[in-house]
Each structure stands twice: as C-alpha cells, then as structure tokens.
1. Taking every alpha carbon pair in the chain, what does the distance histogram look like in 5 angstrom bins from 0, in percent?
2. Go through L19, F92, S68 and say which Cα lies farthest out towards the positive end of the charge dipole of the chain; charges sit on Cβ, +1 for Lys and Arg, -1 for Asp and Glu.
3. Using the Karplus curve 6.51 cos²θ - 1.76 cosθ + 1.60 with θ = phi - 60°, work out ³J(HN,Hα) for each residue of the stretch 74-89 in order, rounded to whole Hz, and write x for Gly and Pro.
4. How large is ³J(HN,Hα) for each residue in the stretch 22-27, as worked out from phi by the Karplus curve 6.51 cos²θ - 1.76 cosθ + 1.60 (θ = phi - 60°), to whole Hz, x for Gly and Pro?
5. Comparing C39, C25, C80, which has the greatest mean-square fluctuation in the GNM of the chain with Cα pairs linked when under 10 Å apart?
6. For the chain, what is the charge dipole size about the Cα centre, in debye to the nearest 20, if Lys and Arg each add +1 at the Cβ and Asp and Glu each add -1 at the Cβ?
7. Hey, with R₀ at 35 Å, roughly what FRET efficiency would N87 and Y30 work out to, going by the Cβ-Cβ distance, to 0.05?
8. Leaving out ligands, DNA and RNA, and with a 1.4 Å probe, what % of the accessible surface on the chain is carbon or sulfur?
Amino acid sequence: SFNYRADGFGDTLIDVVTLNDVLKCIDQPYLLKMDCEGCEYDIITKDYENVRKFDNIIFEFHYPKLKSRIINILSKDFTCDIIRSSNIDMMFKCVRSRQ
C-alpha cells in the first residue's frame, strides 16, 4: 500500500485485471511483462491460452525448482532465455518461435 497512499499506512483496494481483460483492450498483443510477485507460475500454467497470444514475454520467476516445467510449457510457442539469475529468482525473456 505504500505505493498508493501518501502516508504509507492502511489497506488499499486494487482492481484485478486478467489477461482476458487486457486482450480485449489491445489489437496487437506484442509484449507481456509480468512482475506479480509469484503469480507468474499460475498465470502461465492456468491461462496459457491467453499467454500464448503475445509475441514476447518478460517475467521474473521465483521458483527455481519449477524452471524446467515453465520452460517446457512455454517452449510449445516460444524460445526462452534466462537473462538474469540469482539463488532466489530469475528473469526470463521469451520470443514467439516462427514456424
């Protein structure tokens, strides 16, 4: 809440926006940048039909043990590279594979 309130205290309600909502607002889904503090895994595994509509995806990933599962899912449509890695997280850049 400190990002949304001048005093930095208290609860702040934030609207949830789904990928389906986002895709209704754009004509060409060129880039999906996800930084949702751990929800990336759920979005990719549970809403892949919408994820795959984008040409490029950049996201931070906090589950090193699940890296191969995420790469396996995304490799159906994307070529992915790890562009930053530490012992607690990694940053992926995925580009749609041309077939």
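1. Going out from 0 Å in 5 Å bins, the chain shows 2, 12, 21, 22, 16, 13, 9, 4, 1, 0, 0 percent.
2. Selected residue: S68.
3. 5, 5, 5, 10, 10, 9, 10, 10, 8, 9, 7, 8, 9, 6, 10, 7
4. 4, 5, 6, 9, 10, 8
5. Judging by the Gaussian network model, the answer is C25.
6. That gives the chain a dipole magnitude of about 560 debye.
7. 0.65
8. Its accessible area is 51 percent carbon and sulfur atoms.
The values are calculated or read from the model by the stated rules, or taken from the named source; none is laboratory data. In this text, all values refer to a predicted model and were calculated from it rather than measured experimentally. Using ideal geometry, Cβ is built from the backbone for each residue, glycine included, and neighbour counts are taken over all protein chains shown. Side chains included, ligands, DNA and RNA excluded: accessible areas come from the protein's heavy atoms. Shrake-Rupley method; radii C 1.70, N 1.55, O 1.52, S 1.80 Å.
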